[in-house]
Amino acid sequence: MTKYGSFPGARPRRLRTTPAMRRMVAEHRLHPADLILPAFVREGISEPVPISAMPGVVQHTRDTLRKAAVEAVEAGVAGIMLFGVPEDAKKDAAGTAGTDPDGILQVAIRDVRAEVGDDLVIMSDLCLDEYTDHGHCGVMDADGRVDNDATLERYAEMAQVQADAGVHVVGPSGMMDGQIGVIRDALDQTGHEDVSILAYTVKYSSAFYGPFREAVGSSLQGDRKTYQQDPANLRESLRELALDLEEGADMVMVKPALPYLDVLAKIADAVEVPVAAYQISGEYAMVEAAAEKGWIDRDKAIMETLTGIKRAGANMILTYWATEAARGL
């Protein structure tokens, strides 16, 4: 052995020497087309309303939503996921504003479609929680529980009115059993065979939804643990996945993203359809709050979290930083 024999022959650091080298050997790359912008549009306001728990995010007016859609297109963002926020007086036990052809979400879909056409994939939240006075994702039975099958009937109606308004993709987020099959049948029977379904296949009952509930003006009473998934469970996610694919899901989603990267990786390994992950309001708020305190580098943290979600297997990432991140890319 020579005097140099004790030094390592394999030196992974050789591939980290310069920015150009690191860029060349990078295993995963973010692209603007990976990103989808969630956006809130609120009925009856004349100016955007800031969401206190989500600095930089607002409840849009119809006009500012159209502008945000144009900016997303210009940045190269792939899609926009729309959430309607009705006036409180229009909320009721059945969430009828959600199936009103002139309800705020349907109006917003038409607005954005008229503004950007097919240049942006227009997605809509298909759920009742924004429109019910009790804040749950479905209609209630006599015992105060969410009635699964009665809710499915309401989802079928929602799918039709959202498709009539011009949406490209519906996103059923209520976690009702059988929702994908019922919605697929409703779309097909009303001449909307080309409208896709992004299934919220894995949606956990999470503490990280807090800021979102401010964003949509939630009236929630109690919790959603009887229909959203238990954070302790992973095999259950694979069962939900099999059911959604059997029922006709075109794409599947894991929500939240960062606390469930292991689940995302399992789902991505198991399917041949596109996989989305939703970087939700609490994830956004944590980064923004820590950055505001000067505890982390905001821009680097944003890109690191998005890269981690991509590395875990997401083809699409719903993130409130979509337009900003796309511009940076």
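Just so you know, all these numbers are worked out from the coordinates, no wet-lab data involved. None of these values were measured; they are calculated from a predicted model. Cβ sites come from the backbone with ideal geometry, for glycine too, and all protein chains shown count toward neighbours.
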Can you tell me the relative contact order of the chain? Whole percent, Cα pairs under 8 Å, sequence separation 6 or more.
19
Segments 205-215, 41-51, 167-177, 101-111 sorted - mean Cβ within 10 Å per residue, highest first:
167-177, 101-111, 205-215, 41-51
Report ³J(HN,Hα) in whole Hz for each residue of the range 171-177, in order, from the Karplus equation J = 6.51 cos²θ - 1.76 cosθ + 1.60 where θ = phi - 60°; Gly and Pro get x.
x, x, 10, x, 6, 8, 5
Once you've got the GNM for the chain with C-alpha springs shorter than 10 Å, pick whichever of Asp133, Asp297, Asp119 has the biggest mean-square fluctuation.
Asp297
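So in the range 1-92, what percent of DSSP beta bridges are antiparallel if you round to the nearest 5?
The antiparallel fraction comes to roughly 20 percent.
Give me the extension gain from Glu193 to Ile45: residue separation times 0.36 nm, minus the current Cα-Cα distance, reported in nm with one decimal.
Going from the current span to full extension adds 49.8 nm.
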The range 162-263: relative contact order from alpha carbon pairs under 8 Å, six or more residues apart, as a whole percent, is 37
Acute angle (nearest 10 degrees) that the helix 148-165 long axis makes with the longest principal axis of the chain, alpha-carbon atoms
80
At 7 Å along the Cα-to-beta-carbon direction for both Glu74 and Arg239, put a label point, then send me their distance in nm to one decimal.
4.9
In degrees, nearest 10, the alpha-carbon axis of helix 281-292 is tilted away from the dominant principal axis of the alpha carbons of the chain by 50
Distances longer than 21 Å among the Cα atoms of the range 258-329: what percent of all pairs is that?
26
Restricted to pairs 8 or more residues apart or on different chains, the lysines in the chain with C-alpha atoms under 19 Å apart form a number of pairs equal to 9
Expected vector for the range 185-202, Karplus 3J(HN,Hα) from phi with 6.51, -1.76, 1.60 and θ = phi - 60°, integer Hz, x for Gly and Pro, equals 4, 5, 5, 5, 6, 10, x, 10, 4, 8, 6, 8, 10, 9, 7, 6, 5, 10
Would you look at the GNM of the chain, springs on alpha carbons closer than 10 Å, and say which of Thr319, Thr305, Thr18 moves the most?
Thr18
Can you list the residues, at least 5 places off or on another chain, whose amide H is less than 5 Å from the amide H of Ala257, using H built in the peptide plane?
Tyr278, Ile280
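Could you sort the peptides 24-34, 247-257 by per-residue average Cβ neighbour count (10 Å cutoff), highest mean leading? Show your work: numbers first, answer last.
Details: 24-34: 12.7, 247-257: 22.7.
Taking the mean over residues of other Cβ atoms within 10 Å, the ranking is 247-257, 24-34.
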Part-to-part distance (alpha-carbon centres) for the range 24-85 and the range 229-278, which is given in Å
24
Which ³J(HN,Hα) values in Hz, rounded to whole numbers, follow from the phi angles of the range 48-62 under the Karplus curve 6.51 cos²θ - 1.76 cosθ + 1.60, where θ = phi - 60° and Gly and Pro get x?
x, 10, x, 9, 4, 7, 9, x, x, 10, 10, 8, 7, 7, 4
